[in-house]
1. Restricting attention to the stretch 18-51, report how many residues are within 20 Å of F86 (Cβ to Cβ), touching a strand residue (DSSP E or B) at 6+ places or on another chain (Cβ under 9 Å) and either in a loop (DSSP other than H, G, I, E, B) or β-branched (V, I, T) (or both).
2. Among the numbered conditions (1) assigned by TED's automatic domain parsing to the domain that holds Y320; (2) among the charged types (D, E, K, R); (3) in a loop (DSSP other than H, G, I, E, B), tell me where E135 comes up short.
3. Taking only pairs six or more apart or across chains, which ones have beta-carbon atoms under 8 Å, a first residue in the stretch 253-280 that is assigned by TED's automatic domain parsing to the domain that holds T149, and a second residue that is β-branched (V, I, T) and part of a loop (DSSP other than H, G, I, E, B)?
4. Taking the stretch 293-315 as the search range and keeping residues that are crowded, with 18+ Cβ neighbours inside 10 Å and touching a residue at least 40 places away in the same chain (Cβ under 8 Å), which one is farthest from V270 (Cα to Cα)?
5. Between residues in the stretch 222-248 that are on the phi > 0 side of the Ramachandran plot and residues that are assigned to a helix (DSSP H, G or I), which pairs lie under 8 Å by C-beta distance while being six or more apart or on different chains?
6. Can you tell me how many residues within the stretch 207-225 are of a type in the set (V, I, T) and surrounded by 13 or more Cβ atoms within 10 Å (Cβ to Cβ)?
7. May I ask you to verify whether S167 is surrounded by 13 or more Cβ atoms within 10 Å (Cβ to Cβ) and touching a His at 6+ places or on another chain (Cβ under 7 Å)?
Amino acid sequence: MIFTPKALGSSNLDKEILNKDKRECIKFGPCGLGKKAIYLNSFYIDRMYYAELSKIDRVFKRVAMSKGGFTGKGLFGSIPYLVVLFKDGSKKVCNFKYEEHVDEILEAISEDHPEIPTHSVEAEKRLLKAKREEEARYIKNLSKEALNTINKLENAKKELEKDRTLSNNLAFSAKQKRTLDAIHPTYRLLAIAVFLAAAACAAFGIHVVMTQGFKTGGLYVLVGFAFIFFVISAHILPTGTNNKRYGENCYKESVQHMENKLKKISNFPVPASYAHPIVIDRMIRVIREGRAFNEKDAMEEVKKDLKALNPSVRVTQKEYDEVVIVKPLFTVIDYK
């Protein structure tokens, strides 16, 4: 361990226990979850702080949106944060690059430490209200066909949850492919040109600094490196893991892994490209609302619902949480 993380929220673990726990913690982006503590990042340094799990009051996701976020509007352009509230009244907010990492650490906390709430107080109230409104739409006396379909879908969901990693990887690779496909080639060429020009500027500045001093060449060095970091942070510059071919290969590999799993299950009701527990939940919901009676029609209704959603549509927090995960599964193959 390079450094010992700093304590938060009146935490006070023994140094030896802390070092061991941090080494063995499961990493989720810039944060990590151990058996004794959760490890949180600063703006620049990963897992710089720690908080004992027993000192945490609740932990939840906050998303900064281009339009409204959880207040009702907007689905895209999000900036995810992990918010940790402590029993002593203090809190820590951690920025994440990928929202999937926030969802994964919250899921892990929910499974390993169910005593820690994973939603804000306001979100819990909205979720309860949304649940009641949803249940009010359910048909009381479903047909035998509908009940059999629900039972089949619930069994399929249990099979997927036995190895949740496959579904998570499928959703992540679909979103990654969708993002990489959306980057226009012109932007990539422009990024390359800016990067090369910035590198040349920095190299020239270094040469001037070495021959004439920093006062003369320092500006070139600073401007050059500023543009280099800007281009890199924009994630447009093509690299070995930031190009369409890489995204396509990752997506095909995740679908293939799912297909291999589903081959062992007879008459699985959902195609491998859509095999995610949330998709099945939405299919069950459609049937309970009386909009479909079998899995084929339920899938078509789910597709219609997702197609109708765009950044101007009002959504609940639950709807937002579901859509940002599963909609790329459909859009990446154009709802086929």
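The values are calculated or read from the model by the stated rules, or taken from the named source; none is laboratory data. Just so it is clear, the structure is predicted and the values come from calculations on it, not from any experiment. No Cβ is skipped: glycine too gets one built from the backbone with ideal geometry, and neighbour counts run over all protein chains shown.
1. Matching residues across the stretch 18-51 total 10.
2. The failed condition is (3).
3. Listed pairs, sorted by first residue: S273/I333; V279/V270; I280/V270.
4. Selected residue: V315.
5. Sorted first by the residue in the stretch 222-248, then by its partner, the list stays empty.
6. 4
7. So S167 fits the description; yes.
Yes or no, residue by residue, for (1) over 20 Å from K336 (Cα atoms); (2) out of contact with any helix residue (DSSP H, G or I) (no Cβ under 6 Å at 6 or more places or on another chain); (3) in the same structural domain as K264 (by TED's automatic domain parsing); (4) at pLDDT below 90:
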position	(1), (2), (3), (4)
L160	yes, no, yes, no
D163	yes, yes, yes, yes
L166	yes, no, yes, no
A171	no, no, yes, no
Q176	no, no, yes, yes
V194	yes, no, no, no
